[in-house]
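S.K.: Please see the structure below; I have some questions.
The values are calculated or read from the model by the stated rules, or taken from the named source; none is laboratory data. Please read all numbers here as calculations on a predicted model, not as lab measurements. Quick reminder, even Gly has a Cβ in these numbers, built from the backbone with ideal geometry, and neighbours come from all protein chains shown. Ligands, DNA and RNA are excluded from the accessible area calculation, which covers all protein heavy atoms including side chains. Shrake-Rupley method; radii C 1.70, N 1.55, O 1.52, S 1.80 Å.
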Amino acid sequence: SRSSFKILDQVYGHQPRTKEERVLILGAGDAGEMAVRWMLMNPQFGYRPIGFLDDDPYNAGREIHGVGILGGFDQIENIICERRVDGVVISESEQLPKNVLEEAVRVCRVQGCWIRSLRLEFELIE
């Protein structure tokens, strides 16, 4: 039995790991919390949440599932540069002011990182 564990460790222990992408989440509401929880529960997809941006002063300095709220939306460019962000997830795009959404897209283009909008949908099965 010892040799079988050693063989399994050698076979599966040296598998190439998926490149981890550093992800910033815009919005620390319920949808943002669900996005981070999904990333943490599914490490095989290679997303590593590095922080939230949210303008709610109540959220300043708090953490959700161990992921900190780093500041407001106006700090997006600084955070992306300082934290070497690979991508941005907009957790609730319909609730973000249009100027914040436009600035996020502009900054991501300039910095060369991807930007995606989270969609939570139910599909009717008949």
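S.K.: Name the single residue that is surrounded by the fewest Cβ atoms within 10 Å (Cβ to Cβ) among those in region 95-114 being farther than 16 Å from Ala31 by Cα and in contact with a Gly (Cβ under 9 Å, 6 or more places away or on another chain).
M.R.: Taking the candidates together, the pick is Trp114.
S.K.: Also, I was wondering about something else. Taking region 54-91, which residues are open to solvent by less than 40 Å² (accessible area, probe 1.4 Å) and touching a residue at least 40 places away in the same chain (Cβ under 8 Å)?
M.R.: Hits for region 54-91 are Val67, Ile69, Phe73, Ile76, Ile79, Ile80, Val85, Gly87, Val88, Val89, Ile90, Ser91.
S.K.: Of the residues in region 14-53, how many are open to solvent by less than 30 Å² (accessible area, probe 1.4 Å), in a loop (DSSP other than H, G, I, E, B) and over 17 Å from Gln95 (Cβ atoms)?
M.R.: 1
S.K.: So Asp74 passes all but one of these: (1) part of a helix (DSSP H, G or I); (2) within 18 Å of Arg48 (Cβ to Cβ); (3) among the charged types (D, E, K, R). Which condition number does it fail?
M.R.: (2)
S.K.: A further question on this structure: Out of everything in region 78-95 that is assigned to a helix (DSSP H, G or I) and within 12 Å of Leu118 (Cβ to Cβ), what residue ends up being modelled with the highest pLDDT?
M.R.: Gln95
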